[in-house]
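Visitor: One structure, pasted below without further comment.
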Amino acid sequence: MSLVFLRAIVQTLTQHFSDPLHVFGGGSGDVESAIQCVIDSVRGCTDCQTKVDVVVLRASGADGYNDFIFAMKGVDSVETLLITECKDSEDKSVIVTIKQAEIIFFVGSDQCNYVRYFRDTPIEHAVKDVYKVRLIDDSIRRIYQIENKGSVVCA
């Protein structure tokens, strides 16, 4: 099997944070401030003790983002999952790892490999589950905000 866990510092959180956020980059260097913005948005603050778990999904390469992301403010753990075959998505530990993440970071490279290895697999469904949880939490937060005339309390 070609599945590789490149590094993990895992501590599962029991609360959910902000709604999903997307950063589309590529063709150049990484923009640290954009990645930090995602982290801060998901944890709901820029200067607090709340930390998030990040999963880096890649279809080629190594764990070059682990130390970079782990050094950022508000990060509890970073785990890179290198998926190089469709059958890798059948590994239950991969699915559990993805579902426990607050942030999922897709690394660039050949985007066709994401389609080849992730489409219609448990990985795709796990990513959608993480995304769906954020949308549900955001909807509840917005309903609460409307009912309380603009006062927002994050659960």
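Visitor: Among the residues of region 15-25, are any over 22 Å from Cys112 (Cβ atoms), modelled with pLDDT of 85 or more, within 13 Å of the chain's Cα centre (by Cα) and crowded, with 16+ Cβ neighbours inside 10 Å?
Guide: Here is the first cut: in region 15-25, the residues over 22 Å from Cys112 (Cβ atoms) are 15-21.
This time we only want the ones that are modelled with pLDDT of 85 or more, so: none.
So far as region 15-25 goes, no, none of its residues is over 22 Å from Cys112 (Cβ atoms), modelled with pLDDT of 85 or more, within 13 Å of the chain's Cα centre (by Cα) and crowded, with 16+ Cβ neighbours inside 10 Å.
Visitor: Tally the residues that are in a helix (DSSP H, G or I) and of a type in the set (S, T, N, Q), restricting the search to region 33-54. Spell out how you get there, then give the answer.
Guide: At the first step, the residues of region 33-54 found to be in a helix (DSSP H, G or I) are 33-43.
The next check asks that each one be of a type in the set (S, T, N, Q); those that pass are 33, 36, 41.
Total satisfying the criteria: 3.
Visitor: Could you grab me the full set of residues in region 45-83 that are touching a residue at least 60 places away in the same chain (Cβ under 8 Å) and either of a type in the set (Ser, Thr, Tyr) or surrounded by fewer than 16 Cβ atoms within 10 Å (Cβ to Cβ) (or both)? It would help to see each step written out before you state the result.
Guide: Here is the first cut: in region 45-83, the ones touching a residue at least 60 places away in the same chain (Cβ under 8 Å) are 57, 66, 70, 76-83.
Answer for region 45-83, where residues must be touching a residue at least 60 places away in the same chain (Cβ under 8 Å) and either of a type in the set (Ser, Thr, Tyr) or surrounded by fewer than 16 Cβ atoms within 10 Å (Cβ to Cβ) (or both): Phe70, Ser77, Thr80.
The values are calculated or read from the model by the stated rules, or taken from the named source; none is laboratory data. Nothing here was measured: the structure is a model prediction, and the numbers come from that model. For neighbour counting, all protein chains shown are included, and Cβ atoms are generated from backbone atoms with ideal geometry for every residue, glycine included.
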